[in-house]
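Undergrad: One structure is given below, represented as structure tokens, and several questions about it will come after.
The values are calculated or read from the model by the stated rules, or taken from the named source; none is laboratory data. Since this is a predicted model, take the numbers as computed values, not measurements. Virtual Cβ from ideal backbone geometry, glycine too; neighbours counted across all protein chains shown.
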């Protein structure tokens, strides 16, 4: 996304979905759904902030002289970060396949290797999609229209 109008549209779509999620949260009675709405709102706020920052950098680049290339370099970095953005609603599982370790939600690393008289076993936890009720359709629409990935998975230990 390099065109300024792409980010203006992105900003408008994200802001619209933020209002939709905020209005949907008002009717929530379940605490888990309230928490998921709050986390989604926080993620959308971050994405909106990023698009505003990108638009500011684009305006600076057009308005000023960038002989050293610092603004264009910063703009490129912000665009790359935005393209990789993921909103995590429940659990985040990171697996390092080279060291056979994993961690959940940025916590401590745990070893997935175990050994006994039967041999060596590697056992990683896995993620399963959580039941989101009516919020699932909104999340799918946000991801489809904005390209922002949204993860709503729980870590399960087998």
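Undergrad: Out of the residues in the range 124-158 that are touching a strand residue (DSSP E or B) at 6+ places or on another chain (Cβ under 9 Å) and assigned to a loop (DSSP other than H, G, I, E, B), which is nearest to residue 88 (Cα to Cα)? Reasoning before the result, please.
TA: First, pick out the residues of the range 124-158 that are touching a strand residue (DSSP E or B) at 6+ places or on another chain (Cβ under 9 Å): 124-130, 136, 139-140, 142-143, 148-158.
Filter once more, so that each one left must be assigned to a loop (DSSP other than H, G, I, E, B): 124-125, 130, 148, 152, 157-158.
Values: 124: 20, 125: 17, 130: 12, 148: 11, 152: 6, 157: 19, 158: 22 Å.
Ranking the qualifying residues of the range 124-158, first place goes to 152.
Undergrad: Only residues in the range 143-158 that are at negative phi count as the first member; pair them with residues that are loosely packed, with under 14 Cβ neighbours inside 10 Å and in a loop (DSSP other than H, G, I, E, B), Cβ under 8 angstrom, at least 6 apart or cross-chain, and list the lot.
TA: 158/123
Undergrad: Please state which of the following conditions residue 81 fails to meet, knowing it meets all the rest: (1) under 25 Å from residue 132 (Cα atoms); (2) within 18 Å of the chain's Cα centre (by Cα).
TA: The one condition residue 81 does not meet is (1).
Undergrad: Moving to a separate point now. So residue 42 clears everything in (1) surrounded by 13 or more Cβ atoms within 10 Å (Cβ to Cβ); (2) modelled with pLDDT of 90 or more except one condition, right? Which one?
TA: Here residue 42 clears every test but (1).
Undergrad: Select from the range 110-123 the residues that are exposed (fewer than 11 other Cβ atoms within 10 Å of the Cβ) and not in a strand (DSSP E or B) and write down the one among them that is nearest to the chain's Cα centre (by Cα).
TA: 118
Undergrad: Could I ask something else about it? Tell me which residues, restricted to the range 52-107, are closer than 19 Å to residue 123 by Cβ and part of a helix (DSSP H, G or I).
TA: Across the range 52-107, there are no qualifying residues.
Undergrad: Of all residues in the range 63-74 being in contact with a helix residue (DSSP H, G or I) (Cβ under 8 Å, 6 or more places away or on another chain) and modelled with pLDDT under 90, which is nearest to residue 144 (Cα to Cα)?
TA: Of the residues in the range 63-74, the ones in contact with a helix residue (DSSP H, G or I) (Cβ under 8 Å, 6 or more places away or on another chain) are 64, 66, 71-72, 74.
Those still in the list that are modelled with pLDDT under 90 too: 64, 66, 71-72.
On the way: 64: 35, 66: 35, 71: 30, 72: 28 Å.
Ranking the qualifying residues of the range 63-74, first place goes to 72.
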